[in-house]
1. Ignoring everything except DSSP H segments at least 4 long, calculate the 222 nm mean residue ellipticity for the chain; use -39,500 (n - 2.57) per segment, divide by total residues, nearest 500.
2. Loop by DSSP (not H, G, I, E, B), at most 15 other beta-carbon atoms within 10 Å: where is the longest site-free stretch of the chain for trypsin sites (Lys or Arg not before Pro)?
3. Hey, what angle do you get for helix 122-151 against the long axis of the chain, alpha-carbon based, 0 to 90 degrees rounded to 10?
4. Most fluctuating residue of 29, 59, 117 in a GNM of the chain with Cα springs under 10 Å: which is it?
5. In the Gaussian network model of the chain, springs joining C-alpha atoms below 10 Å, which of 35, 122, 138 carries the largest mean-square fluctuation?
6. Normalised by the number of residues in the stretch 89-144, what is the relative contact order in percent for Cα pairs under 8 Å and 6+ residues apart?
7. Per 10 Å bin, what is the whole-percent P(r) computed from every C-alpha pair distance within the chain?
8. Which residue fluctuates most in the GNM of the chain (Cα springs below 10 Å): 15, 90, 136?
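Each reported figure results from applying straightforward, stated rules to the coordinates on display, with no laboratory input. Since this is a predicted model, take the numbers as computed values, not measurements. No Cβ is skipped: glycine too gets one built from the backbone with ideal geometry, and neighbour counts run over all protein chains shown.
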Amino acid sequence: MYSLSVAVPVNPPGAKPVLGREEVWRGLVMKAENALPFVPAMQSCTIIERFEDGLLREVVARGERYTEHVAFTPQVQVFFKRRDERGRPAGWIANVISDSDLGLLLTFTFNVVIPDVAPGSAEERRRGEELKESYAGAVRATLDAMRKFALEGSRL
């Protein structure tokens, strides 16, 4: 599995509007329910079932189809446990809101299987590095979408 963790300040200097924990949390829930406005690499996102503490969804990202069991820890984390289209474990993704000396942080941690690549191989490392910017971009795109919704007056 390829692992990467990216943490960014939610409100870097000059960012407007300033987002609080509650707005970021609502944005993460919106992203879990429909990731298309938040994740440029995703082609589709369909909710299959809802639970008290999360949901099951099917997504297509970078041409690969996955089911994801999404668990909510309110105001703190959205955790995605991923399976490929054959039902095999395909990794996990965590979106975590935390406080720091820099203010509010949003951290995305990815631990994902790269399809058709041997785990621990040089090819996995090479392909993982190619995905790195896409994953880092997903954090920025998520915060940009949250700000856009807030500026448009959408309830985050």
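1. -9500 deg cm²/dmol
2. Segment 87-154 is the longest.
3. Taking Cα atoms only, the helix is inclined about 30 degrees.
4. Taking springs between Cα atoms under 10 Å, the residue moving most is 117.
5. Between 35, 122, 138, it is 122 that shows the largest mean-square fluctuation.
6. 26
7. P(r) for the chain, in whole percents per bin: 11, 41, 35, 13, 1.
8. It is 15.
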